[in-house]
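Peer 1: I'd like to ask some things about the structure below.
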């Protein structure tokens, strides 16, 4: 069973919308009048105009088309590849609540290998995947939470999700799949070519092929490892490091607030007093539109976060995130160990899964298993470093959701560690950040609430 991607919906009058958008800057008349004229034009005429507009490099008109995609039974690696595109919306089947024991997995095309090795490689691959799914099922049966059992799932397990994207971003996605970062991964190429084919039939002006460059391999040639003193090397227990942050962020935010409120002389306004800064920021946090907070930025390094945990991080769209090449970074010796596994006395069995997976990966590589298939052998619990930059507004959202008791425990540990660091360096601003109940004065989780609002608010309070 091959995975597939399907364009399940798009603006039925897409060519009229795009051609009207293309005409409006050079044509007299109101927006409605220009749109009505485009509606009455022949589709061929609209398409001809669109092609002319795109050939001039004016691709922003395509952002008026919204396209809905369904990804059916693709590998979780495809999901991870897709969800990194920020100008798109995703709804994914949760591994925290859904049992993936019978979801199945993607099998590479072993016909590409030497005929003499095909059968032995495929047998080794399938036997190991069956073993991993069996172990997942056993952990769930023994009472291990699904969100912890998932760490032993291989990165070939099947995922199903929906994606909504504008047409300009879809062009970028298709080209990245076929010609860019995905060009060495047959599954991504297959899905990208399928999208190109569907566009050629339904939305032909979206079949814009733009070969993309993946420069990571070339960059590595210019780099050499530096020997850091032991004291500078992060320890295993160090989760997060603040790489860099805006200096005096509270002052910048308050000046932006003065500007936004129409205060004359905002540039020289006196906002040095910490208590005044805090009250201004407290008021800003009540607004739906907190653009003042977006004037300051913070770069963060998560030293070791699991592949599964990355999903919780990348769902925050307003950030600039750098996720390294999995195959160059993952090591079967470095993985997350859930407390639930330790409490149940299953640590040795859990560790043995990663040891065995490493041995199988080495055996398959020894048989000539291609790097673009090796990604399927990675386990969801393997850890890698990730760097990201967020503005204070997105950090506010991140902290509200990820320091909540309902957050997945790994991302909560990272969020709490980061908040501690930020509060130490920027106490005025980040003393106001924390879970929703702390910053909003109420719990938004309804029946899913942890029921410990007062206790949580005290633990994140200024006296803590």
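Peer 1: Expressed as cubic angstrom per residue, what is the convex hull volume of the alpha carbon set of the range 254-294?
Peer 2: Output value, Cα hull per residue: 62 Å³.
Peer 1: State, as an integer percentage, the relative contact order of the range 227-375 based on alpha-carbon contacts under 8 Å between residues 6 or more apart. Walk me through the numbers on the way to the answer.
Peer 2: Values: 85 pairs, mean separation 36.8, N = 149.
Worked out over the range 227-375, it gives 25 percent.
Peer 1: Please give the calculated 222 nm ellipticity per residue for the chain, where each DSSP H segment of at least 4 residues contributes -39500 (n - 2.57) and the sum is spread over every residue; nearest 500 deg cm²/dmol?
Peer 2: The helix contribution divided over the chain gives -13500 deg cm²/dmol.
Peer 1: Then there is this: Counting every Cα pair in the range 145-187, what percent are over 13 Å apart?
Peer 2: When every Cα pair of the range 145-187 is considered, 70 percent fall beyond 13 Å.
Peer 1: Once the cut-off is 15 Å, how many percent of the Cα-Cα pairs in the range 379-464 end up in the long-distance tail? Before the final figure, lay out the partial values.
Peer 2: Details: 2167 of 3655 pairs.
Roughly 59 percent, once rounded to a whole number.
Peer 1: Over the range 1-79, consider all pairs of different Cα atoms and compute the Kirkwood hydrodynamic radius from their mean reciprocal separation; express it in Å, one decimal.
Peer 2: 14.3
Peer 1: Answer with a single label: of [x] 25.2; [y] 26.0; [z] 21.9, which was calculated as Kirkwood radius over Cα pairs in Å from the structure in view?
Peer 2: [x]
Peer 1: Still on this model: Mind checking the alpha-carbon convex hull of the range 351-416 and giving the volume per residue in Å³?
Peer 2: Working: hull volume 8.0 nm³, N = 66.
Taking only Cα atoms, the range 351-416 has a hull volume of 121 Å³ per residue.
Peer 1: Still on this model: From Cα pairs below 8 angstrom and at least 6 apart in sequence, can you work out the relative contact order of the chain, rounded to a whole percent?
Peer 2: Normalised by residue count, the contact order of the chain is 16 percent.
Peer 1: For a footprinting-style exposure proxy, rank 311, 403, 123 by other Cβ within 10 Å, fewest first. Mind showing how you got there, number by number?
Peer 2: Numbers: 311 20, 403 25, 123 11.
Ascending Cβ contact count within 10 Å gives the list 123, 311, 403.
Peer 1: Express the relative contact order of the range 8-108 as a whole percentage, based on alpha carbon pairs under 8 Å and six or more residues apart in sequence. All intermediate terms of the calculation are to be shown ahead of the outcome.
Peer 2: Values: 60 pairs, mean separation 33.8, N = 101.
Relative contact order here is 33 percent.
Peer 1: Within a 10 angstrom radius of the beta carbon, how do 144, 24, 219 rank from fewest other beta carbons to most?
Peer 2: So the ranking, lowest neighbour count to highest, is 219, 24, 144.
Peer 1: Using the number of other C-beta atoms within 10 angstrom as an exposure proxy, rank 136, 97 with the fewest first. Don't jump to the answer; show the numbers that get you there.
Peer 2: On the way: 136 25, 97 9.
Ascending Cβ contact count within 10 Å gives the list 97, 136.
Peer 1: Something else now. Based on the Kirkwood radius over alpha-carbon pairs, what is the Stokes-Einstein translational diffusion coefficient of the range 224-362 at 4 °C with 1.567 mPa s viscosity, in µm²/s?
Peer 2: Working: Rh = 19.6 Å.
Rounded to a whole number, D works out at 66 µm²/s.
Peer 1: Also, I was wondering about something else. Once you have the alpha carbon radius of gyration of the range 296-407, what is it after dividing by 2.2 N^0.38 Å, with N set to its residue count?
Peer 2: 1.26
Peer 1: Based on the alpha-carbon gyration tensor of the range 135-228, what equivalent-ellipsoid semi-axes (square roots of 5 times the eigenvalues) come out, in whole Å, largest first? Numbers along the way, then the final one.
Peer 2: Details: eigenvalues 218, 135, 23 Å².
Equivalent-ellipsoid dimensions as semi-axes: 33, 26, 11 Å.
Peer 1: Also, quick follow-up: Can you give the FRET efficiency for residue 32 and residue 56, using 1/(1 + (r/R0)^6), R0 = 22 Å, r = Cβ-Cβ distance, to the nearest 0.05?
Peer 2: Numbers: r = 25 Å, r/R0 = 1.14.
It comes to 0.30.
Peer 1: With r as the distance between the Cβ atoms of residue 449 and residue 124 and R0 = 45 Å, compute the FRET efficiency 1/(1 + (r/R0)^6) and round to 0.05.
Peer 2: It comes out at approximately 0.45.
Any read-out appearing in this document is the output of simple, stated calculations on the displayed coordinates, not a laboratory observation. Please read all numbers here as calculations on a predicted model, not as lab measurements. Note that each Cβ is placed from the backbone with ideal geometry, even for glycine, and that neighbours are counted across all protein chains shown.
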